[in-house]
Amino acid sequence: MADSYSKKENIKKKEKKREEKRLQREERKTNNNKGKSLEDMIAYVDINGNLTDVPPHLQNREEDLLSRQENPNEAIDPAKVYTGVINSLNDKGFGFITEEKSNDSIFFHQSQLKQEVKKYDKVTYKKEISEKGFRAIEINKK
């Protein structure tokens, strides 16, 4: 007995779906991340904030800090005056300034304040590098 036209069309559609699913399975098998070791999937951050595959205990932090200081693009001009807004200030005298141009947070201590300031005050300051990063010095209210 012969199949009707619509029955043949349905069979063709089912075959086409099976073939598409088979191709999708093969695609997933070739492009999956299974079988990678944990070491291949881990990324670390270096002292400059860049991703690296070198673990922190093998990174030479002192050398990186020195190269960062010597790098002319990262060098700090001691005479340059920066502007920012005080975004936090605690009772112990520590706080952070958000730099206007880069939105970086710069640490400061109240001993560097020339005038009394409070949160959200605009200030001018100079930068120096410390062992933990940049620090604001000679802070003046704007």
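The values are calculated or read from the model by the stated rules, or taken from the named source; none is laboratory data. Please read these numbers as outputs of a predicted model, since none were measured by experiment. A quick note on method: Cβ atoms are made from the backbone with ideal geometry, for glycine too, and the neighbour counts reach across all protein chains shown. In case anyone asks, the SASA skips ligands and DNA or RNA and just uses the protein heavy atoms, side chains included. Shrake-Rupley method; radii C 1.70, N 1.55, O 1.52, S 1.80 Å.
Taking the accessible area of the range 81-141, probe 1.4 Å, and keeping the other protein chains in place, the carbon and sulfur fraction comes to 45%.
Using heavy-atom solvent-accessible surface (probe 1.4 Å) with all chains present, what is the largest-first order of E26, E128? Walk me through the numbers before you get to the answer.
Numbers: E26 90, E128 60 Å².
Ranked list, largest accessible area first: E26, E128.
A cut-off of 5 Å between modelled amide H atoms, ignoring neighbours fewer than 5 places along the same chain, links D121 with I86. Here's how it looks for G133: its modeled amide H is under 5 Å from none belonging to a residue 5 or more places away or on a different chain. I need the calculated FRET efficiency for the pair V54 and E19, taking r as the beta carbon distance and R₀ as 35 Å, to the nearest 0.05. For V54 and E19, the calculated efficiency is 0.15.
Over the range 81-141, average the accessible area per residue using a 1.4 Å probe and give it in Å², no decimals.
On the way: 3890 Å² over 61 residues.
Per residue, the range 81-141 has an accessible area of 64 Å².
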